[in-house]
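Written out below as structure tokens is the structure these notes cover.
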Amino acid sequence: MQKSTANKYPSVKTISDEQRIGMVKEIFSTITDKYDFLNHLLSLRRDVAWRRFAIKKMRFFRTNMFLDVACGTGDLSINACLKHRHIKAVGVDFVFPMVRVGKEKVEKKGLSGQLNFMQGNALRLPFHDDAFDVTGIAFGIRNIPDRTEALREMLRVTAPGGQIMILEMTFIENRFFKLFYYIYLNYLLPLMAKVFSKNAAAYYYLADSIMNFPSPEEFAAFMRETGMSEVKIYPLTFGITCLYVGKKPE
């Protein structure tokens, strides 16, 4: 996937699913070394608070297992294990450099017996039905073109009565903040990324993927259509990010 002469990736609205998958894999393979640093910097460390909020909502009741889909470098599952010491967790991501960094972080945190990372496909999760009390994905669902299949897989591997949690950024509708957020996403964020990242074009993709993600109400309805019940929306930081929590019917 080649970047354009403007050093930007093509908009997600103009490419096929196959092209988007290749583009996402290239992007996340090239920003791994600065991924955590830039996440914290560009969100003013709000990403830490957003994950913490999600982890507090997790309820373990049967298998005491957590699955982190599109886990990246593993911040969600690592911190879930630190908060809920009695659980075990698995992280899955299709970009191997991310998995490698996640494994290094697990070693440093002393969580090797509690948490394992592996390379895998969110559309074909290598787990039995009903295996996890909580299945989550943080800032990854917008990078998966076939969201229907991804959510169905998350639902399949979740135990009846268990939670499906999606933490994702969205383009806020608040008129007061909308213009500022647009300027931040499309101009300030890529400008800051250029200072630290060897692939600043990745952050133009970030802005594009956020602006083309469904509204919170639309996405919650989509979750219900896949078979989840009791779907709740928790807007965070003026609605920049939302936590969606659905339940697998018992």
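Key figures for this structure:
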read-out	value
With Cα atoms, 0 to 90° folded angle of helix 147-157 axis to the chain main axis	20
Förster radius 25 Å - calculated FRET efficiency between Thr63 and Lys109 (Cβ-Cβ, nearest 0.05)	0.65
Percent of Cα-Cα distances greater than 21 Å, calculated over the range 1-146	46
Mean separation of Cα contacts under 8 Å, 6 or more apart, over the residue count of the chain: relative contact order %	21
Dimensionless Rg/Rh of the range 174-250 - Kirkwood Rh, Rg from C-alpha atoms	1.10
Relative contact order %, the range 55-120, counting alpha carbon pairs below 8 Å whose residues are six or more apart	34
Rounded to whole Hz, the Karplus (6.51, -1.76, 1.60) HN-Hα couplings of the range 133-140, x for glycine and proline	5, 9, 10, x, 8, 10, 6, x
Cut-off 12 Å between beta-carbons: net charge of the residues surrounding Arg156, Lys and Arg +1, Asp and Glu -1	-1
Cα-based shape type of the range 107-234, given that a ≥ b ≥ c are square roots of the gyration tensor eigenvalues and the cut on a/c is 1.5	oblate
Label assignment, mean projected area of the Cα convex hull in nm² derived from the structure, set (i) 17.8; (ii) 12.5; (iii) 13.6	(ii)
Length-normalised contact order of the range 67-212 in % [C-alpha pairs under 8 Å, at least 6 apart]	20
Fraction of beta bridges assigned by DSSP in the chain that are antiparallel (%, nearest 5)	40
Computed E for Leu236/His128 - FRET, C-beta separation, R0 35 angstrom, nearest 0.05	0.60
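Taken together, the values in this text are just the output of simple stated rules run on the coordinates, not laboratory data. For clarity, every value in this text was computed on a predicted model and none was experimentally measured. A quick note on method: Cβ atoms are made from the backbone with ideal geometry, for glycine too, and the neighbour counts reach across all protein chains shown.
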